[in-house]
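In what follows, a single structure is set out as structure tokens and then discussed.
The values are calculated or read from the model by the stated rules, or taken from the named source; none is laboratory data. Model, not experiment: these values are computed from the prediction. Because the Cβ atoms are built from the backbone with ideal geometry, glycine has one as well, and the counts that use them run over all protein chains shown. For the accessible areas, the whole protein counts, side chains as well, though only heavy atoms, and no ligand, DNA or RNA atoms are used. Shrake-Rupley method; radii C 1.70, N 1.55, O 1.52, S 1.80 Å.
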Amino acid sequence: FMHIFRRAILYLTRKKGKAIILVSLFFFISMMLVLGVTILAGTQQASKELRSNIGAAFYIRPYEQFKGDNGELTSLGTPMITQESIEKVKEITGGELKDYNTEHYGYVKGKNLSFLAGTGHTEDSNMGKVTAVRNSELTEEFLNGSYVLAEGRHIKPNDNNKILITKELAEENGLKVGDTIELTHADFDVVDNIYVDLIKEKTAFAKAEVIGIYEMKDQADEGIAPTAAKEANHILSDSHLLIQLAEQTKDVFEGEISFFIADPLHLPQMIKKVEDISTIDWENHILVDNDFQYSKIAGELSNIQELVLTLIVVASALSLIVLMLILIMRIRGRIREAGILLALGKTKSEIIGQFIIETAILLLAGFFFTLILIVPISNILNEILFGSLVSDAPIGVLQTGGNTRNYLQPNILRFFTILGGELVAVILAVLSSSGAILSMKPKEILTKMS
């Protein structure tokens with residue numbers, strides 16, 4: 001073997017120009033294969049993480065119906081949903097359910113609590129709106145980033161008489177996390193164009209602890225909003241508070257109920273099953289789904305996979321054809337050399353073995369340059385392919401620490417697998433190109449030489 005290897009090295013050092021051409025070809029082939037397979041694996045990983053991280057959600061959303069009578073609209077009542085119905089939804093979603101959230105609404109006044117004044121502010125209208133939730137972190141405002149927790153913590157399912165208030169309301173009243181305030185019930189309305197509290201005699205009171213203070217991002221100009229409707233006066237609480245203030249019945253909710261599931265692919269079938277729950281009044285509720293843009297991002301990933309797979313097939317086929325043509329021309333040009341070696345007593349297997357060793361060395365050289373350049377190239381491609389997806393994805397998806405995660409990280413096992421496949425292809429290509437030498441007898445080769 002060593003003497004065959006030495007002959008191969010000597011030939012390559014003599015024919016540097018031809019060697020460089022083949023090294024360049026192998027570099028191109030290797031780079032195309034490595035990048036293609038890496039991108040395919042990267043998009044598969046990104047899609048898998050996307051599904052597990054992003055999940056999906058659906059909302060049972062109430063809408064109040066009205067009846068027209070002599071030009072006046074009369075409410076047909078506020079739609080309600082019970083805990084019994086929620087439990088049936090939970091049973092349907094099963095292990096897919098990651099969490100859920102409830103909402104209920106009311107108004108409160110506070111002892112020595114001054115709400116930020118709105119249009120037509122009076123002592124009677126000095127009140128704020130309360131949204132009672134199961135988990136404040138799952139409210140739409142916190143999920144979309146319009147609310148951001150500045151201090152303290154979120155409201156959790158087991159909390160009792162805990163509240164979140166805005167930074168503006170906290171500063172107006174000198175409140176901080178851990179403070180306790182006394183609240184009472186209220187009922188906001190308009191009478192003769194004056195904002196009033198319909199509950200004149202206060203019978204329900206509760207002490208609530210401030211466990212968090214939040215800031216509002218991109219707050220819109222509220223213009224002529226009354227005090228109770230100003231967003232700066234919005235309070236988030238647990239349901240126990242509104243129940244104690246007689247503004248909510250236990251296990252009954254008038255607001256939106258949100259359900260968060262693990263896999264976006266299961267969202268359509270979940271929706272169909274929930275629509276069959278008879279205890280929910282579907283004349284007064286609608287179902288809204290949200291895959292958090294999974295279908296859009298997954299579609300882009302799928303398009304990338306299809307494009308890369310096509311490029312791999314086309315590039316591999318063209319590269320193999322070009323390689324075969326080059327090897328055929330190269331080996332046919334070495335018939336004279338093969339004849340001399342045969343005359344010196346070398347066997348055909350030794351001659352073909354030398355050709356294989358030469359080509360394998362050039363392949364390894366081309367692959368070596370691929371390994372050197374793959375890291376910087378993959379970093380650039382990763383930003384191009386996945387960077388745009390990050391801007392469309394929800395927070396925490398397809399990104400780490402605010403930067404695009406590198407899904408095209410080098411994988412040694414994958415590299416060796418590709419190299420092994422290329423070596424097999426090269427050996428078969430050399431054997432196929434050496435057909436002339438293998439088919440002729442030594443005498444015929446020597447005759448051709450003369």
Return yes when residue 378 is more than 37 Å from the chain's Cα centre (by Cα) and part of a helix (DSSP H, G or I) and no when it is not. no
Going through region 257-280 in order, the residues found to be loosely packed, with under 13 Cβ neighbours inside 10 Å and closer than 18 Å to residue 102 by Cα are 279
Within region 210-218, identify whether any single residue is touching a helix residue (DSSP H, G or I) at 6+ places or on another chain (Cβ under 6 Å) and open to solvent by 40 Å² or more (accessible area, probe 1.4 Å), and answer yes or no. yes
**Prompt:** What about residue 361, is it assigned to a helix (DSSP H, G or I), among the aliphatic types (A, V, I, L, M) and open to solvent by 30 Å² or more (accessible area, probe 1.4 Å)?
**Reply:** yes
Per the filter on region 9-38, residues farther than 17 Å from residue 324 by Cβ and charged (D, E, K, R) are 14, 15, 16
Do we have any residue at all in region 347-355 that's over 29 Å from residue 36 (Cβ atoms) and not in a helix (DSSP H, G or I)? yes
Only one of (1) in contact with a strand residue (DSSP E or B) (Cβ under 6 Å, 6 or more places away or on another chain); (2) part of a helix (DSSP H, G or I) does not apply to residue 288, and that is (2)
Residue pairs qualifying under the 7 Å Cβ cut-off, at least six apart or on distinct chains, with the first in region 259-274 being part of a helix (DSSP H, G or I) and the second being modelled with pLDDT of 90 or more and polar (S, T, N, Q), are 270/93
Residue in region 398-405 that is among the hydroxyl-bearing types (Ser, Thr, Tyr), modelled with pLDDT of 90 or more and more than 22 Å from residue 8 (Cβ to Cβ) present: no
So residue 254, is it open to solvent by 30 Å² or more (accessible area, probe 1.4 Å) and in contact with a His (Cβ under 7 Å, 6 or more places away or on another chain):
yes
Exactly one of 50, 35, 40 is in contact with a Pro (Cβ under 9 Å, 6 or more places away or on another chain) and among the aliphatic types (A, V, I, L, M), and that one is 50
Q. Regarding residue 338, is this residue under 30 Å from residue 20 (Cβ atoms) and out of contact with any helix residue (DSSP H, G or I) (no Cβ under 9 Å at 6 or more places or on another chain)?
A. no
Scanning region 191-209 residue by residue, those part of a strand (DSSP E or B) and open to solvent by less than 70 Å² (accessible area, probe 1.4 Å) turn out to be 191, 195, 196, 197, 206, 208, 209
